[in-house]
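Engineer: One structure is given below, represented as structure tokens, and several questions about it will come after.
The values are calculated or read from the model by the stated rules, or taken from the named source; none is laboratory data. What you see is a predicted model, and the numbers here were worked out from it, not measured in a lab. Cβ sites come from the backbone with ideal geometry, for glycine too, and all protein chains shown count toward neighbours.
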Amino acid sequence: MAVETDKIQAIAERVAASEGMTVIGVEVKGGPSNPLLRITIDKPGGVSHGDCQLVSEQVSAILDVEDPFPGSYLLEVSSPGLERKLTKAAEYAHFAGRRARLVLREPAEGQKVFEGTLAGLEAGRVRLSLDSGSMAEFELSNISKARLVAKL
């Protein structure tokens, strides 16, 4: 079963953009007998259940016509979540302004865990505004784990 994930990504991005949203990721999970197509969307101010339903209905209609996913599958459209993991370089830029916790492979200034506000990604370096008011930069390759942190 050949799944055209690039085509699915393009379809999802076209639908999301028309509704003022951004596609964070498209992934296929599960085995051949029960595949799950998961599309993660985001927008300023957060994603509602209605946003997920709208994108799901529109993407589903296009997928039925263009058929880049042969056979049956379950389509899931969701938000990235309040405390989602950051797994792709582009997410550090997309989530700029949000709080995040970074765990480093090699310590910087004697510590491995940093928390602050993401200030973007430049030339392979993640910028993090620390609570002390200073700006820290870390090589993307030195980050072993990263997660958004919900403000309480």
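Engineer: Quick check on SER56: is it of a type in the set (Gly, Ala, Ser), over 30 Å from ARG101 (Cβ atoms) and without any contact (Cβ under 8 Å) to a residue 24 or more places away in the chain? Quick ask: steps written out before the conclusion?
Structural biologist: Numbers: of a type in the set (Gly, Ala, Ser): yes; over 30 Å from ARG101 (Cβ atoms): yes; without any contact (Cβ under 8 Å) to a residue 24 or more places away in the chain: yes.
Answer is yes for this residue.
Engineer: Could you please find all residues in the range 112-128 being in contact with a Leu (Cβ under 8 Å, 6 or more places away or on another chain) and not hydrophobic (A, V, I, L, M, F, W, C)?
Structural biologist: LYS112, GLU115, GLY116, THR117, GLY124, ARG125, ARG127, listed by residue number.
Residues are listed down the side, and each one gets a yes or a no for (1) at pLDDT 95 or above; (2) buried (at least 18 other Cβ atoms within 10 Å of the Cβ):
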| site | (1), (2) |
| --- | --- |
| ALA12 | yes, yes |
| VAL26 | no, yes |
| SER33 | no, no |
| GLY45 | no, no |
| GLY50 | yes, no |
| GLN53 | yes, no |
| ASP64 | no, no |
| GLU76 | yes, no |
| PRO80 | no, yes |
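Engineer: Further, regarding this structure: For VAL113, indicate whether it is in the same structural domain as ASP51 (by TED's automatic domain parsing) and of a type in the set (Val, Ile, Thr).
Structural biologist: It is false that VAL113 is in the same structural domain as ASP51 (by TED's automatic domain parsing) and of a type in the set (Val, Ile, Thr).
Engineer: Quick check on this structure: which one of GLY71, GLY31 is more than 30 Å from ALA150 (Cα to Cα), in contact (Cβ under 8 Å) with a residue 60 or more places away in the chain and not acidic (Asp, Glu)?
Structural biologist: Unique residue meeting the criteria: GLY71.
Engineer: Also: Out of everything in the range 99-129 that is aliphatic (A, V, I, L, M) and loosely packed, with under 11 Cβ neighbours inside 10 Å, what residue ends up being nearest to ALA146 (Cα to Cα)?
Structural biologist: Within the range 99-129, the subset aliphatic (A, V, I, L, M) is 100, 102-104, 108, 113, 118-119, 121, 123, 126, 128.
Still in the running and loosely packed, with under 11 Cβ neighbours inside 10 Å: 113, 123.
Working: VAL113: 10, ALA123: 18 Å.
Here the residue is VAL113.
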